[in-house]
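For reference, the structure is listed below as structure tokens.
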Amino acid sequence: MVFVGDLDGMPWGIKKAVLLCNDLLLLPISLYLSLYLVTGDHSSGNNVSALIYFSLPLYSAVIFMKFGLYRAIVRYIGFKAFLSIGYAVTISAIVFYLVALAGTSFFEIKSIPVSAHIVYWLMSMVLVGGSRVIARQIMHILLSDKEGHSKKADNSVAIYGAGTTGVRLSRFLRGSGEYCQKVFFDEDLKITGREIDGIKVLFPSNLQWLCEQHGIKEVFLAIPNANSAKRKKILDDLSRCAVKVRTIPSFSELVAGKAQVEDLREVAVEDLLGRAPVAPKRELIEGCITGKTVLVTGAGGSIGSELCRQIVSLTPARLVLFERSEFALYQVEAELSNYIREHELDIDLVGLLGSVQHRRKMSKVMRAYRVDTVYHAAAYKHVPIVEHNPIEGVRNNIFGTFHTALAAKEANVETFVLVSTDKAVRPKNIMGATKRFAELVLQGLAQQKSNTKFCMVRFGNVLNSSGSVVPLFRKQIQNREPLTVTHPEVTRYFMTIPEAAQLVLQAGYIAKGGDVCVLDMGESVKIIDLAKKMIKLSGLSEKSDDNPEGDIEIKIVGLRPGEKLYEELLIGDNVSDTEHPLIMRAEEKMLSWEKVSDYLDQINAYCHDFNVEMVRSVLLDVVSGYEPQCGIQDQIWLAENAGCDDSSCSWNNNCIDKNNAEDKESIADHSSEL
């Protein structure tokens, strides 16, 4: 074993010399054996001139060097290297034939039968190529044995999937020396029970028992083309095993060249949900974008930036990025500029810093750039923060939408799409109430005579967006901290960021005006179940009363101010189908523009006076189904009214003390994902 380690650590020059000596020895042996096989006389090789024996390896070595036979690393030698060996040996055999023919003609050297030349060619191919195969296998076996002994306890792995991708990953792992692969798991009965590169292929009928029997610590999923349902089933089975699970990139990433098989990554939460992504219809997306001027507000946010990425790929004439955060604007503009330059696109990219609450600026922007389509993603969306700062929430979410929509109407923008949220349906919090009010503003404007089509798109929680529970859980697991869940029964609908952006883009084409587009998001998910799966698939165990020695506990910390146990997507039952099978159109109860305008004047005045109680009162009057989960949570209002015993100074503040205590906990805000 020491010898193997020394050999592996030798300078490359010495290894190259060893290979060269190997070939210099094998070629004369190939000639001798070929003459014996052809003539049947073992002394026939002795009748060949010594000049032939000495010259053969010399010019062959030069040919081998030209074909790069001494550049390949033996331990990782593959098909291309063997192809080079075939070419080099063939050229060497041809040169040998010409040299022998010349020797016979000019130097009266005894001729060699043509059949012996053919056998020599084949024999050289076998010995030169075979010697490298043997060397590779010996190195693999000895080094794997060495690494297996040194890392067996920590790095024993299995690969789920014994197809082409799984075998490629297996060979990479073997060469890397970082892991000791024990088995393959595969459901294909044609290969189960057999071996691949000396590794058994097992049917995954009882994964928990198999993992325990083979001491598996980690499982790598190598099934890139499996559908969502199959991946979820496999992950459900693996979640019962005390193993960490990682996966190779998706099939689309591999085909597009964006990733390699070896790029192992954490299991995506989309796989845990098991819902197949909703494919967009390109003709529905292009209608409002291709060749047009598009404005995206909140362009640096989670949804806004993804909207911009997808819009750029659809080649608008101009894309205007509007963002209030200087850093967020810098990031998204730099990313999109690189994309446009790399793909040589003819798109005018404009980055503007500003607030959607500034109506005159919004009007100037839309007129100056002759905007055709507006995607309004700018909003305050973090439920507890908006609950603690209601005036700012109203200003940004309601009046930001109003000013931007009015500017679009005055500039004759063709389409205006508001990015809304399921929290606008029978809201329990200020954020949801302000988003529903914003919807009513657009529905009111849609009733007026206008060249602009106003519409809304409403969806649930977006995975991995800012404030999402998933990154928080991952961080807590990484730091071995308790996973904080607000309530054991809290459920949410989930969708990916690209899906959310695609829904917004398609809604602009599908909507008729004043209507709401909603995505069919399947079944809702229990947050506590999601937390448990993420713990198990990280190779850890849940710490509980039944398992006090577990790694990570799940801590129930109570609902945050304004948080609901479950979310809804529709207010009424007036729902119809659209051109997309999974997108619905909802026509909901509206207020007349006169009423909306009057309410806007009222709440604007109360915001100006910082009258939190009356702001809340207007929201209660305007937003149907708004039932605050608790009393006023505005931080300044609470400070001003601290110690107040008069019941007239509070709005049902029986849960303020409780919620303020809960705010000190570091918790997963399951209601903050727009």
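A compact table of results
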item	result
Output for region 405-424, where each listed residue is surrounded by fewer than 23 Cβ atoms within 10 Å (Cβ to Cβ) and either in contact with a Leu (Cβ under 9 Å, 6 or more places away or on another chain) or among the polar types (S, T, N, Q) (or both)	406, 409, 412
Criterion violated by residue 396 - all others in (1) surrounded by fewer than 24 Cβ atoms within 10 Å (Cβ to Cβ); (2) within 19 Å of residue 514 (Cβ to Cβ) satisfied	(2)
Residue within region 167-184 that is modelled with pLDDT of 90 or more, assigned by TED's automatic domain parsing to the domain that holds residue 210, β-branched (Val, Ile, Thr) and closer than 29 Å to residue 205 by Cβ present	yes
Hits in region 550-577 - residues which are modelled with pLDDT under 80 and under 31 Å from the mean Cα position of the chain (by Cα)	559, 560, 562, 563, 564, 565, 566, 567, 568, 569, 570, 577
Any chance residue 642 is at pLDDT 60 or above, surrounded by fewer than 17 Cβ atoms within 10 Å (Cβ to Cβ) and either not in a helix (DSSP H, G or I) or not assigned by TED's automatic domain parsing to the domain that holds residue 512 (or both)	yes
Some residue of region 363-373 being of a type in the set (Asp, Glu), closer than 30 Å to residue 428 by Cβ and at pLDDT 95 or above	no
Number of positions in region 509-538 that are assigned to a helix (DSSP H, G or I) and of a type outside the set (Phe, Trp, Tyr)	11
Residue within region 494-505 that is crowded, with 22+ Cβ neighbours inside 10 Å and part of a strand (DSSP E or B) present	yes
Residue match in region 436-450 (condition: in contact with a Lys or Arg (Cβ under 7 Å, 6 or more places away or on another chain) and farther than 19 Å from residue 296 by Cβ)	yes
Checklist (1) modelled with pLDDT under 75; (2) under 21 Å from residue 50 (Cα atoms); (3) small (Gly, Ala, Ser) applied to residue 102, failing item	(1)
Answer from 340, 285 - the residue that is touching a Phe, Trp or Tyr at 6+ places or on another chain (Cβ under 9 Å), in a helix (DSSP H, G or I) and either at pLDDT below 95 or surrounded by fewer than 20 Cβ atoms within 10 Å (Cβ to Cβ) (or both)	285
Residue in region 318-325 that is in a strand (DSSP E or B), over 21 Å from residue 500 (Cα atoms) and in the same structural domain as residue 292 (by TED's automatic domain parsing) present	yes
Condition check for residue 244: in contact with a strand residue (DSSP E or B) (Cβ under 7 Å, 6 or more places away or on another chain) and farther than 19 Å from residue 162 by Cβ	yes
Helices (runs of 4 or more DSSP H) fully within region 1-87 counting 2 or more residues that are modelled with pLDDT of 75 or more, out of contact with any Asp or Glu (no Cβ under 8 Å at 6 or more places or on another chain) and within 23 Å of residue 118 (Cβ to Cβ)	12-39, 50-66
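The values are calculated or read from the model by the stated rules, or taken from the named source; none is laboratory data. As the structure is a prediction and not an experimental result, all values here were calculated from the model. Please note: Cβ atoms are built from the backbone with ideal geometry, for glycine as well, and neighbour counts cover all protein chains shown.
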